[in-house]
Amino acid sequence: MSIDKSNPFAEDLNPFGDEFEQGNNNAGSSQTNTDSTNGGKKLHFTDEVKSRELSDNDSIMPTPHVGTALNESGAFDDIELENDHNEAHEMKRLRMGTQRNKFGRNKVGRAKTLKWAKENFHNPFEDLLKEEDAFDDAGMTNRADELRTVYHNMNLPSDMLDETGKPITVYARNKIRTTKYTPLTFLPKNILFQFQNFANVYFLMLIILGAFQIFGVTNPGLSAVPLVVIVIITALKDAIEDSRRTVLDLQVNNTKTHLLHGVPNENVSTDNVGLWRRFKKANTRLLMKFVEFCKATFTEEGKRKRAMRKRNQLRAQRVAATTGTDRPRGSLDSMGSFRDSADFGRPSLDYENLDEEGYHHHGHIIDSTIPVDNDTKFTKNYWKNVKVGDIVRIHNNDEIPADVILLSTSDSDGACYLETKNLDGETNLKVRESLKVTTDIRSSRDIARVKFWVESEGPHANLYSYQGNMKYVDTKDGDLKNEPITINNLLLRGCTLRNTKWAMAMVIFTGDETKIMLNSGVTPTKKSKISRQLNLSVSINFLILFILCFISAVVNGVYYKKHPASRDFFEFGSIGGSPATNGFVSFWVAVILYQSLVPISLYISVEIIKTAQAAFIYGDVLLYNARLDYPCTPKTWNISDDLGQIEYIFSDKTGTLTQNVMEFKKCTINGVSYGRAYTEALAGLRKRQGIDVETEGRREKEGIKRDRETMIKELIELSENSQFFPEDITFVSKEFTQDLAGAEGEDQRKCCQHFMLALALCHSVLTEKNNLDPNKLDLKAQSPDEAALVSTARDMGFSFIGKTKTGMIVEIQGVQKEFQILNILEFNSSRKRMSCIVKIPGINPEDEPKALLICKGADSIIYSRLSTKAGANDETLLEKTALHLEQYATEGLRTLCIAQKEISWSEYQRWNDKYNVAAAALTNRDEQLDAIADEIERDLILLGGTAIEDRLQDGVPDSIALLAKAGIKLWVLTGDKVETAINIGFSCNLLNNDMELLVIKTTGEDVKEFGDNPAHIVESLILKYLREKFGLSGSEHELALAKKDHEFPTGNFAVIIDGEALKLSLQNDEIRRKFLLLCKNCRAVLCCRVSPSQKAAVVKLVKNTLDVMTLAIGDGSNDVAMIQSADIGVGIAGEEGRQAVMCSDYAIGQFRYLARLLLVHGRWSYKRLAEMIPAFFYKNVIFTLALFWYGIYNNFDGSYLFEYTFLMFYNLAFTSLPVIFLGILDQDVSDTVSLVVPQLYRAGILGLEWKQTKFLWYMLDGLYQSCISFFFPYSVYRKSLIVTKNGLGLDHRYDVGVMVATIAVISCNLYILLHQYRWDWFTSMWIGLSCLVLFFWTGIWSSTTNSKDLYKAASRIYQSPSFWGVFFIGVFYCLLPRFTYDCIRRFFYPTDVEIVREMWIRGDFDHYPPGYDPTDPDRPRIVKPGRLGEHPVGGIMLSDNYGEGNLSQDSVVTEEISMNILNNSVGSPEIRRESGNEEWANSPRETQDLLFSPMDGGVENHESFNPQTGSNLRYSTTQNNNNNRTSLDFTRDSMLANNQLDNRYSVDRARISLDLPGITNAEGLLEGRKSFARDR
């Protein structure tokens, strides 16, 4: 399609004029004029050049800027140049150790200079380190004071070399390792870690003691098996956990990039590879070969690749056989593989662009006299081989291998575009600029002719700050010059290069010193809460064991002192020789005998159970994300029970709660609202009103679907749009397409066209060909909001095609036209707006052109800059637009305004001259540019407003509501701005209209009463809120009470705090305590503009101070510190990068899966383990104390009551499986009931299932049952010995032991069965088999002679009626007390879960289908016909046509505005109104909704329904009630009466304690406009 340059605007686009031609006026300046030089003068970087201030809003405090008056010192030492005669130094900038003569050699020894500087200068990063270290243990390393100098193509100075001529400085390798172990260190490190557990050391000690025959262990080798098994199982589990990280590390380290070859890198020693590294490399190669072999042997993909390699080898052999030589690939073999550029129409990707006039020389660094080796070129190499000082070339869509300084790019102005989703989870592009002096470097030969060195700060974790300087000698005049390096010149490892053909850069930080790795920190080893509390239980058992052993030793020692005794005749003396020695030996014999009181099998069983729980979580199909093909992946298996005790969740916003996808939903143009949407915030608001939102939402979505189909059909008929893709449409409004076609008049059509054209022109978006569809252009924007605006304009027929050297190409309803863009005034966080200036040719060729400024930005900013001249803006139109924006904000949408201003050419030229001067400024350039932009962005004419939805992830509001019902508090910690976070807070229903927002900030007119000191302001605000809202003072006593209170906050308050105020809130213990108490009493907490370390600090504050269980969830590397600081870290494995996943404990595909992970798997795991552990102690107490009771009758000589195999199999086979399956499979209620009744989760928060008192009761139960198990059989033998039918006796101790063991085993297994909630065939079968195994083993083992003293015992014992009598009676009395207690408690004092179980068994939840998930957006509708439980919610129900006028606008009173900008620059639009009464009056009477009948002009009173109160609000139009009403009130009434506003809900927003951005209301917008005009 050809481009129409003669008439860029269609004839009917009157706002721009009919004769709008593309001129070639030299007076117009393009955007690139920001880099022009100052009047052609030669500029030198000298001491007087101030470094620009960096925007560092997201860090704890801005990194101190070198040489500022604030520091009174610098990080570097500069030199005085010969041509520098300016004595007016504002500040002295000292640059350490870099004073050099004209030949580039250093004047002063570098080592001496560094030493002197450290002693005499204040480190600018020291304060930051001190303040952060005071409350930051998140692994956030700050080594900014470790300065480094990196040379390119230059020899290192002698003071940087050792005596062998090698560099002294050793930099980190670029090879990274996120694993805990390596193949070589795994075995010693893992074993050392396991034996940090005292229980393992204890068991090892027992094994060593048992090896000595003196202690009487029957089989020492067999006794070591349990410890060996648990060590091996734990090691295998750890190896599997770590293996996934190993695979990822190998993939990353072996990624290829392009390194410069031929120019030596003197900064590092290339041959410094020791024997240890060579040994490790050899092992790595072997491991890689083994992995490749396994893949090729056991995986389908590996087999396919292996077969392909074989085919290639055979083909090569055939070629060699036929040609006689191995034929290399021909030079033309790859012609068909030419890949089109990844960009479209963008100069950065054009090869013909290399020597344009657009290049701006800020110095001369390329020395053409330097000879270049022919081998100098870029070659492929691995990331792990990248070193500090290397020159790398990064291609489009490649990841950055290290932290590098950008030297040049394929773009003419040295810019490139970066995707940082791996760092911060954001998919929008960010612009980075190359150093000005190196912009001309285009090839490897150019970089080989360059000499320079970089003085850099040391590595630190702040993602938003960097400082350095490039020093070089100008090849033209020989002067030593300097160019500052900022974060805008740095490309960080993990980011991806986009929309740029190539970028050339120098490596400055590698490996563990890169910012992404510094933010990752060391992977922590976490231990669950129950495991930590288990230490106390084990300590109690150790105390009991010591008491038993001490008693045994004392009794045995005293007994050996008595004479005469039977042992004098049957024993050949004592072992010890004396009573004391015998007692000492008996003590250790007793330790071995009673060792099962501290059971090693418990640890084995816990490992098995937690592994099974992790497998269940991984295999849960309801936690599987099909779109990403990603299941819930446990990465740390031993903390699953902590999932059931979480009280606080700390969540990131972007990519975690949201999809980071913006969708254009509504807009207001010329006072008419367009768009139909049913947002999450609106659904939450309606739900709070008592509306059945599922029914309403389903009806709305069906209506939206119908409107969408109608709209698509009309758009296709309207024009031929080459970029029209119906599946991408998010803005649904059939009324807009009708008005675009002229249904409501020519004026409204032109307004709609002009509005969309403004969206298509005012942006900084780039286009890129779609990989799947070459005809489709993908939009790449710095902001997802901007992409949504341009995308909607494209869908409506105003398609942005691409950029040219002077402007943009826009396809307007099928015709491509080129617009000349004179200037782009870019968006930043302080301006909150962006503008573009478009050249408008004159009507006639001889007429002077004009300029049109199009400005878009925050609604409050645009409204404050609207013209107040008479007739410039119609006041009613402004009020209508403000009311529409207010309504959009109430629905949780992000609002923007679009305005314009026509400028005469002479006025533009005067302004442009000022702009060029500011753009060329060397000091305070940004501030000057902002001031110049502010001059022209005034007296605007409003075009309309937009409403964009920041799409939440599926089910986020429902998940948050579900977690809140479970008693879990959610805090949002985000680096995003305050207004964005607030919008998301309303969208996900974390905030609601009934809340009062308690704002904590450091600046503003409304906090001047607290003074000028920011710290005092923050503390005063916190104390004020505590006293006024909660009646607290922030004392330590109140904090102690707060620790015991785990209830969900009852007040309707939320805290909003930004990063600067948060830093002050965490600066000392007192203010931290007050801040924590304030936040604990609020329902929601939003911390905005916070750094990664601040996120970690907040998590640690809550976790350590309140002693609660915390969970952190995020998706970017800026969330890693928070994830690692929490008890449980969850990573979102979304499309926005998976850095957080690598460092997390659990990885899920969406936020909504968190509800099921906690409420189902977490609660089950906690409840199972809390029941299994005391049950395990209980069963071992029975067996151990039975041995102790037997010792009473043998003077504690250490002899066994049980045959040795019984001791071994008691925990291995007889009782192990029932308790293990209790910990794996038990369920109190189903997964569906767990989600439907989330209040059951509160038992975990309160710690009701696992307490030391519960453990002690189980121990007492075991004590009682051990007495029954031993003394009941003893009572049988007490009067007379048992004699069998054949006359043989049953008086051997092993025979008695069989009876005792049988009662103990059977009663123990039945006890476990009684405490199991879930009785099914599987668990019952294993309990039955465990009981049968005892009888089976006794019979089999005693039938062999190997059993020795137990030979034939089973046949004799089981034939004895006395055995069966004592067996049944003993089991009955063992279980009777506990059974009786449980029955009484459940009947008269049931717990919540027992009541819910009765309801579940009765069928009260049968109407929920299996696998029902309340957070699933596609869940089935539930209608409860039963007796109890859920009923359809009664309340305010909508009729079918309720509010339909606003949503579909078939009957909306439309407004047509005549707008002629060129002929009347300040003309006031006139409003013509058409009545919608006739349509309503002619409709069938049974369908008329009287609540929303159109207002008749003759009626004095009108009633409108207020859904919040259920009453009718009467709006009176009588004169008596008009006295206190404003024009805005009348406009609102009129719009409500004519269905131009949604009548379903109030637009009142949350109350705020202080002024806060992001809270849009009509009164505030109009008042802000007036106050801005007054200030001017």
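The values are calculated or read from the model by the stated rules, or taken from the named source; none is laboratory data. Predicted model, so just to flag it, every value in this text is computed and none were measured. All Cβ positions, glycine included, derive from the backbone under ideal geometry; neighbour counts span all protein chains shown. For the accessible areas, the whole protein counts, side chains as well, though only heavy atoms, and no ligand, DNA or RNA atoms are used. Shrake-Rupley method; radii C 1.70, N 1.55, O 1.52, S 1.80 Å.
Could you list which residues have their amide H under 5 Å from that of TYR1317, counting only those 5 or more apart in sequence or on another chain, with H placed in the peptide plane?
GLN1227
I'd like to know which of THR946, ILE968, TYR915 lies farthest towards the positive end of the charge dipole of the range 903-1028, counting +1 on Cβ of Lys and Arg and -1 on Cβ of Asp and Glu.
Result: ILE968.
How do 1388-1395, 243-250 rank on mean C-beta neighbours within 10 Å, highest first?
243-250, 1388-1395
State the Cα centre-to-centre distance between the range 403-482 and the range 1366-1395 in whole Å.
About 75 Å separates the Cα centre of the range 403-482 from the one of the range 1366-1395.
Could you give the distance between the Cα centres of the range 1218-1294 and the range 830-864, to the whole Å?
81 Å
Keeping all protein chains in position, work out how much accessible area TYR1351 exposes to a 1.4 Å probe, and write it in Å² to the nearest 10.
90 Å²
Quick one: ranking GLU292, GLU826, GLU457, GLU300 by accessible area, 1.4 Å probe, largest first, what do you get?
Descending accessible area places them as GLU300, GLU292, GLU826, GLU457.
Report the accessible area of ARG699, computed with a 1.4 Å probe over the heavy atoms of all protein chains in place, in Å² rounded to the nearest 10.
Here the accessible area works out near 60 Å².
Given GLY742, ILE691, ALA758, which one lies farthest toward the positive end of the charge dipole of the range 671-799, if we put +1 on the Cβ of every Lys and Arg and -1 on the Cβ of every Asp and Glu?
ILE691
Please state, as a whole number in µm²/s, the translational diffusion coefficient that the Stokes-Einstein equation yields for the range 1325-1400 at 10 °C and 1.306 mPa s, with Rh defined as the Kirkwood radius across alpha carbon pairs.
100 µm²/s
Evaluate E = 1/(1 + (r/R0)^6) for ARG309 and LEU248, where r is the Cβ-Cβ distance and R0 equals 22 Å; express this FRET efficiency to the nearest 0.05.
FRET efficiency, ARG309 to LEU248: 0.35.
Is there a quick way to get the dipole size of the range 658-780? I mean about its Cα centre, with the Cβ of Lys and Arg at +1 and of Asp and Glu at -1; what is the value in debye to the nearest 20?
Dipole about the Cα centre, nearest 20: 400 debye.
For the full complex of protein chains and a 1.4 angstrom probe, list ASP926, ASP1382 by accessible area with the highest value first.
The ranking, largest first, comes out as ASP926, ASP1382.
What order do LYS166, LYS515, LYS665, LYS701 take when sorted by accessible area (1.4 Å probe), most exposed first? Don't skip to the end; give the middle numbers.
Numbers: LYS166 80, LYS515 5, LYS665 30, LYS701 130 Å².
I get LYS701, LYS166, LYS665, LYS515, largest accessible area first.
Quick one: which residues, 5+ away or cross-chain, put their amide H under 5 Å from the amide H of LEU1554? H built at 1.01 Å from N.
Amide H to amide H, under 5 Å and 5 or more residues apart or across chains, LEU1554 pairs with VAL999.
Test of understanding: what is the full-extension gain from VAL170 to ILE1384, defined as 0.36 nm times their sequence separation minus their Cα-Cα distance? Display every interim value, and only then the final one.
Working: separation 1214, 0.36 × 1214 = 437.04 nm, distance 7.25 nm.
Between VAL170 and ILE1384, full extension yields 429.8 nm more.
Given a 1.4 Å probe and the protein chains all in place, what does the accessible area of VAL1296 round to, in Å² to the nearest 10?
Estimated to the nearest 10 Å², VAL1296 gives 30 Å².
With a/c under 1.5 counting as rounded, go ahead and sort the range 980-1072 into rounded, prolate or oblate using the C-alpha gyration tensor (a ≥ b ≥ c being the square roots of the eigenvalues; past the cut-off, prolate if a/b is larger than b/c, else oblate).
oblate
Which log10 I(q)/I(0) values, to two decimals, does the range 166-288 give at q = 0.12 Å⁻¹ under the Debye formula with one point per Cα?
Here log10 of I(q) over I(0) equals -0.69.
Tell me, what are the semi-axes, in whole angstrom and largest first, of the equivalent ellipsoid of the range 1090-1245 as set by the roots of 5 times the Cα gyration tensor eigenvalues?
Numbers: eigenvalues 397, 75, 45 Å².
Calculated on Cα positions only, the semi-axes equal 45, 19, 15 Å.
Say R0 is 41 Å: what FRET efficiency, to the nearest 0.05, do LEU772 and PHE298 get from their beta-carbon distance? If you can, show how the numbers build up before the last one.
On the way: r = 33 Å, r/R0 = 0.80.
Efficiency at R0 = 41 Å is approximately 0.80.
Spelling out what I want: for every residue of the range 1156-1169, take phi, set θ = phi - 60°, compute 6.51 cos²θ - 1.76 cosθ + 1.60 (Karplus), and round to whole Hz; glycine and proline get x.
Computed from phi, the couplings for the range 1156-1169 are 5, 4, 7, 6, 9, 5, x, 5, 4, 4, 5, 5, 5, 5 Hz.
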